[in-house]
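Since the structure comes first, as structure tokens, the remarks are kept for the end.
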4 protein chains.
Amino acid sequence: MEAEPERTPEREAYYERIAADSMAPLWEVLRGLVTKEPVVREVPAVWHYQAIRSAIMEAGAVISAAEAERRVLVLENPALRGLSRITMSLFAGLQLILPGEVARSHRHAASALRFIIEGEGAYTAVDGEKTVMSEGDFVITPPWTWHDHGNESSEPMVWLDGLDLPLVNFLNTSFMEPYPEERQPLARPPGDSLARFGQGILPDGYKSKGKCSPVFNYPYARTREALETMRKTAEWDPCHGLKVRYVNPLDGDYAMPTMGTFLQLLPAGFAALPYRSTDGAIFVCVEGRGRTHVGDEVLEWGPRDIFVVPSWSWYRHEPAADAVLFSFSDRPVQEKLALWREQRGNSSARA
Amino acid sequence: MEAEPERTPEREAYYERIAADSMAPLWEVLRGLVTKEPVVREVPAVWHYQAIRSAIMEAGAVISAAEAERRVLVLENPALRGLSRITMSLFAGLQLILPGEVARSHRHAASALRFIIEGEGAYTAVDGEKTVMSEGDFVITPPWTWHDHGNESSEPMVWLDGLDLPLVNFLNTSFMEPYPEERQPLARPPGDSLARFGQGILPDGYKSKGKCSPVFNYPYARTREALETMRKTAEWDPCHGLKVRYVNPLDGDYAMPTMGTFLQLLPAGFAALPYRSTDGAIFVCVEGRGRTHVGDEVLEWGPRDIFVVPSWSWYRHEPAADAVLFSFSDRPVQEKLALWREQRGNSSARA
Amino acid sequence: MEAEPERTPEREAYYERIAADSMAPLWEVLRGLVTKEPVVREVPAVWHYQAIRSAIMEAGAVISAAEAERRVLVLENPALRGLSRITMSLFAGLQLILPGEVARSHRHAASALRFIIEGEGAYTAVDGEKTVMSEGDFVITPPWTWHDHGNESSEPMVWLDGLDLPLVNFLNTSFMEPYPEERQPLARPPGDSLARFGQGILPDGYKSKGKCSPVFNYPYARTREALETMRKTAEWDPCHGLKVRYVNPLDGDYAMPTMGTFLQLLPAGFAALPYRSTDGAIFVCVEGRGRTHVGDEVLEWGPRDIFVVPSWSWYRHEPAADAVLFSFSDRPVQEKLALWREQRGNSSARA
Amino acid sequence: MEAEPERTPEREAYYERIAADSMAPLWEVLRGLVTKEPVVREVPAVWHYQAIRSAIMEAGAVISAAEAERRVLVLENPALRGLSRITMSLFAGLQLILPGEVARSHRHAASALRFIIEGEGAYTAVDGEKTVMSEGDFVITPPWTWHDHGNESSEPMVWLDGLDLPLVNFLNTSFMEPYPEERQPLARPPGDSLARFGQGILPDGYKSKGKCSPVFNYPYARTREALETMRKTAEWDPCHGLKVRYVNPLDGDYAMPTMGTFLQLLPAGFAALPYRSTDGAIFVCVEGRGRTHVGDEVLEWGPRDIFVVPSWSWYRHEPAADAVLFSFSDRPVQEKLALWREQRGNSSARA
């Protein structure tokens, strides 16, 4: 694909004629349609929790959970303002739920993840089971399952919502249904799904109904302890340190079919090598401090900060102290469709 | 999700303040973001081949294959003009290749299908093997395989190109590379891949390199004959007649990971029941005549006509004679992500 | 595991005491139980069809198909006489069916394959479909499907029966049921399953009921032609020539879950390198002549001859003319259980 | 298959003639070869630990671990004496390891499971990692991994060894290799594999090398606690109570490819309904007391007792107190080969 074809009056006239039949010349748009590398619209960005916390808390005064249905501040990628998304395919927002509030029950085709940022003791009820949440917990609401949230503690609770909404809407597959009552009835005690599916066993004869993990809550305490055990073996990925993915115990695949979720430990002083992949990722700092170089930009982060690394951008992490990062992206989608690519750099690479 | 939250001056002021931090209130957009049913932008449309054939042939005079790289007229959905797509996620176009021309070799991350509309004897070369094409053949160029086309016959050839370009671009996974020469060298005789992979056997020890079928050409003669044998058993799906999907012999999955391809036989007088699914589909009439009711619209079709049924629209086919329809959609994507839905109507349903 | 433990009177007395509680000392049998290499009981053997044909035909006079239920001469491995098997896990026999005869309908948990040795025009009916058979055809009767055979031609027909009976009995999974009538009713025309499942397509929405290929007959003419096309590319496996396996179009796995079936072409003068694997294999020569060296033995073969290569024995083929060999073994079982091993030799190896 | 064919002198003579060619008449053995139901050789049996404990301990005086290589008392099914197996396809034995002893390192193609019966603090080292074992732990040594055992505690330790040796030998797939030294070097701290693979996460990019679970030790404390949480939901299988299977976190399949392992809770007073399946099972009572009716026999059991239920025998459990049973069988083999069958009885059924 070399030079653009010349636009002559004859050609223009022809283009106009065929436009009447809803046709257009591919050769006029080919270079922009079949690009040599991804043309990425999202840009790097960071939300410093200390700076935005008061705005989040103010939301509690601005609107009630009941009126808002979900009191969430959307984190909009600066290059995608008005599109309610943090990357092209993913939604991220911060949800606030105050003591005594309930976010009423509904279900939707979109998958949702919650990553607990601040607070202790609020719950998510999914499919008849209540899950009490703590900071760092990774909680799933699988597609088309009833779910409601409530805060029975005495403190506000804030979590990150990650959803595949832009993808679901792009594919014309959005469905939503409100539950007839504010809360769904509970059929199982807390911890049932973790006991049943998350301890190396499965109920004999269990058949999965979907492609999502039946474990609703991956507690931070457990995952964190596992990382601490693993680090003794001192096998570090040059780009990612010690990085694990949350999995669906039924098949070992990602915990959710559309969003990959990860936790990684970067020891103090670790000098990560540059890396890029076609899935843009959203990171949350759970512990530690550091910076991430993305192309020519530097994103500084500390506890509870959220930052985004765009698709196919070179980046490298530079932890100032032992750091733990949670992240999510649409990598499972890209892998299932055989579209995912990654590239590892060396110390002379750009990011 | 009942009434929209009221917009008060206090709220407006708050929204403006948080906008500075790239945040926005979800509750202002929630109803449009998490919809009860898909909000589909594409509309039904039909391209009558007789009406557009002269425009296609005229393209041969307007530009050469060499200058155009690919001389293709994009079929643009009337509701998505300027976006180079026939549904939200899929590209379709008509490619013309004149006797003696070559469309030079390149490769891209996008998957492409060819469905031969008119002509005989042009070829596609894929991965070192040439496939000579006839009307009704379904030909694949898997992602990231070198491919070039040529016409060594004495007649123009026209085929339908179907690509997953909008999806590939949405996911930021586009890559393209030109081959250093006009044509790739040939390493295998024609028919090798069909013999090797398409006859109920596989080379012992063969390991697949991707998720795409290694059979490049599914000849129409063979598939058509299979339909004719099957129809003797007279098992008709009430909505689809006798419908088969092209498969990857390595795993029985769709022939391509991102686009499902189908062929169906509708006998004369068959009164299909209404049907809808979340994948918008592009149909090509190969044989016969008839009409398809889509919502309140009626699309008339005959040989070589192309029509599109939008996602989640009720439709029903009404063949006036024994009819054979080829179709493709993004259903494999939706199924892999557990997002696909379908619904079958009864005779009183709308379409 | 070095020396055998000494047998002392004290130990003998102890062994006797614990024997009363159905216990025995492992250390007395360990070396024979956990062996360094497989201890194989089956031996190489060949059945020359010309030499045994008259005995087969004589069976037609000795007993009727009706009285015998199945008029089959078991090919017993010379080292496993009385055990009705050709290798430790597999049964092979030659079935004769005379013009006008019917082998009545029944079904069993064991899987059966037929490989047609001599004759033309007899049929197998499986699951409501009749399959007319020709020499070289590979025909399947999946587990627990009704099947009967009949000969409507004017010539006797002989085929090789291969069954997993020893394995099925070892695992305590044998079931058998006679059909209430001599023949099952037919529900589909001949060729239906091949059209429906064996031509690169699958009926949309088809769900498999088992793990066996729904294609009952893999015609020799088709497979043979595919081999002839493939050989043009001249990619020869140093041990196997051009070897393909029959596959289940639903998943690309072996055509049957317990028996792998293969066809291979060895061009005249091909000097195969030695090879061994843990699955003992039964070969049938379809075309050509040659010899196979198995350890220190030489098995000469020509058309319709049957020979067996024991598990883990070095062997190499030496075709005297273009040769085609059909073969089957329990390799799928071993692979599914992660037990299969193979080894490739060089020209100095033993066989 | 009705009456046996008559044996006439002519037929006898014929049988003798064809015997010379290693052929035999199928119709003489058909009824015993293709049986209507499994013909099961193994019988029900129970080993009461109190009764045999002194014999086990006496083994420590009879032979050293070093001389025995593995000091194991084989539990031989009373109907299969001399065949070193507890069911047709499985081996079971009780291994004793005294304080200070080491059972030296080797590897074999057979898979082994350990279920700890008595003692605390001995270890198994597998693939460079040491696992310290407690009563009720289920420990795996995957095929072809180096493993050695040692007892660094001050008490004798006894565990149940379960191996697929009869199956591995039947299939001619036995391989064994001694490690050049008594113990393999350790490369990972204890708990590494459980942290890495058994906590709902997997190392990003991890590729499995086999089909066996990478979790070597499934601690009893954890599984037992999960059962206790699950029982609150009070969903009881009418035949099995609350039964879970140990799984491979990489794919959700059984923890081992050839042996299924299970733990089940039967509450006091639970009156199980009769059940049978084609996999003969070995049970170990971990907690509680009760009896199991197998056909007309009654097996009484208490802590540490081991009993076997033959293939396709009706049985029902009758716990006298809250009971926990561990069990294993070849069910994964049968399922992978599509041979497994089960049947559920009602209260009037025999067992």
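The values are calculated or read from the model by the stated rules, or taken from the named source; none is laboratory data. Bear in mind the structure is a predicted one, so any value in this text is a computation, not a measurement. When we count neighbours, we look across all protein chains shown, and the Cβ atoms used for this are built from the backbone with ideal geometry, even at glycine. With ligands, DNA and RNA removed, areas are computed over all heavy atoms of the protein, side chains included. Shrake-Rupley method; radii C 1.70, N 1.55, O 1.52, S 1.80 Å.
The table below lists the values:
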{"read-out": "Using a Förster distance of 60 Å, the FRET efficiency for B:Asn346-A:Ala13 (Cβ separation, nearest 0.05)", "value": "0.75"}
{"read-out": "Scaled radius of gyration (Cα, divided by 2.2 N^0.38 Å) that region C:163-212 gives", "value": "1.62"}
{"read-out": "DSSP H segments from chain B that extend 24 Å or more along their own axis, Cα-based, with Kyte-Doolittle mean of 0.5 or above", "value": "none"}
{"read-out": "Compactness of region D:113-168 - radius of gyration and Dmax, Cα, Å", "value": "11.4, 36"}
{"read-out": "Region B:128-168: GluC sites (Glu not before Pro) in DSSP loop, at most 14 other beta carbons within 10 Å", "value": "B:Glu152"}
{"read-out": "7 Å along Cα→Cβ, label-point gaps from C:Pro178 to other copies, nm, shortest first", "value": "5.8, 6.8, 7.7"}
{"read-out": "Pairwise FRET efficiency - C:Glu297 versus C:Ser208, Cβ, R0 = 51 Å, nearest 0.05", "value": "0.75"}
{"read-out": "Accessible area of region D:1-101 belonging to carbon and sulfur atoms, whole % at 1.4 Å probe", "value": "55 percent"}
{"read-out": "Copy-to-copy label separations for C:Val298, where each label sits 7 Å from Cα toward Cβ, in nm and ascending", "value": "7.1, 8.0, 8.1"}
{"read-out": "Restricting region C:207-288 to GluC sites (Glu not before Pro) in coil, as DSSP defines it, with at most 15 other Cβ within 10 Å", "value": "C:Glu235"}
{"read-out": "Prolate/oblate/rounded call for region C:240-351, Cα gyration tensor, a/c under 1.5 rounded", "value": "oblate"}
{"read-out": "Protein heavy-atom accessible area occluded, B/A pair - total, 1.4 Å probe, Å²", "value": "7800 Å²"}
{"read-out": "Per residue accessible area in Å² of region A:1-127, where ligands, DNA and RNA are left out and the probe is 1.4 Å", "value": "35 Å²"}
{"read-out": "Hull-based mean projected area of region A:87-180, where the convex hull spans the alpha carbons, in square nanometres", "value": "5.7 nm²"}
{"read-out": "Semi-axis lengths (Å, descending) of the ellipsoid that matches the C-alpha gyration tensor of region B:296-351", "value": "23, 17, 10"}
{"read-out": "Label-to-label distance, nm, for residues given as B:Glu6 and B:Glu177 (7 Å Cα→Cβ offset)", "value": "6.2 nm"}
{"read-out": "Label 7 Å beyond Cα on the Cβ vector: A:Arg53 copy-to-copy distances, nm", "value": "5.9, 7.3, 9.4"}
{"read-out": "Bins of 10 Å from zero: percent of alpha-carbon pairs in chain A", "value": "5, 23, 31, 23, 11, 6, 2, 0"}
{"read-out": "Taking all pairs of distinct alpha-carbon atoms in region A:209-268, Kirkwood radius in angstrom", "value": "12.6 Å"}
{"read-out": "Listed residues A:Asp279, A:Asp237, A:Asp330, most fluctuating in chain A (Gaussian network, C-alpha, under 10 Å)", "value": "A:Asp237"}
{"read-out": "Residue of chain C whose Cβ sits closest to the axis mapping C onto A, with distance in whole Å", "value": "C:Lys207, 7"}
{"read-out": "Percentage relative contact order, chain A, counting C-alpha pairs under 8 Å, at least six apart", "value": "15 percent"}
{"read-out": "Shape of region D:64-133, Cα gyration tensor, a/c cut at 1.5", "value": "prolate"}
{"read-out": "Global geometry of region C:1-50, whether rounded, prolate or oblate, following the gyration tensor of its Cα atoms and the 1.5 cut on a/c", "value": "prolate"}
{"read-out": "Helix-derived mean residue ellipticity, 222 nm - over chain B, DSSP H n ≥ 4, -39500 (n - 2.57), to 500", "value": "-4500 deg cm²/dmol"}
{"read-out": "Dimensionless Rg/Rh of region A:267-325 - Kirkwood Rh, Rg from C-alpha atoms", "value": "0.94"}
{"read-out": "Shielding score for D:329-338, defined as the mean number of other chain Cβ atoms within 10 Å", "value": "6"}
{"read-out": "Qualifying trypsin sites (Lys or Arg not before Pro) for region C:1-50 [loop in DSSP, other Cβ within 10 Å: at most 13]", "value": "C:Arg7, C:Lys36"}
{"read-out": "Total charge dipole magnitude, the protein assembly as shown, about the Cα centre, Cβ charges on Lys, Arg, Asp, Glu only, Debye to nearest 20", "value": "0 debye"}
{"read-out": "Efficiency of FRET from Cβ geometry, A:Ala271 and B:Arg41, R₀ 45 Å, rounded to 0.05", "value": "0.45"}
{"read-out": "Under the Debye formula (equal points on every Cα, no solvent term), log10 I(q)/I(0) of the protein assembly as shown at q = 0.04 Å⁻¹", "value": "-0.28"}
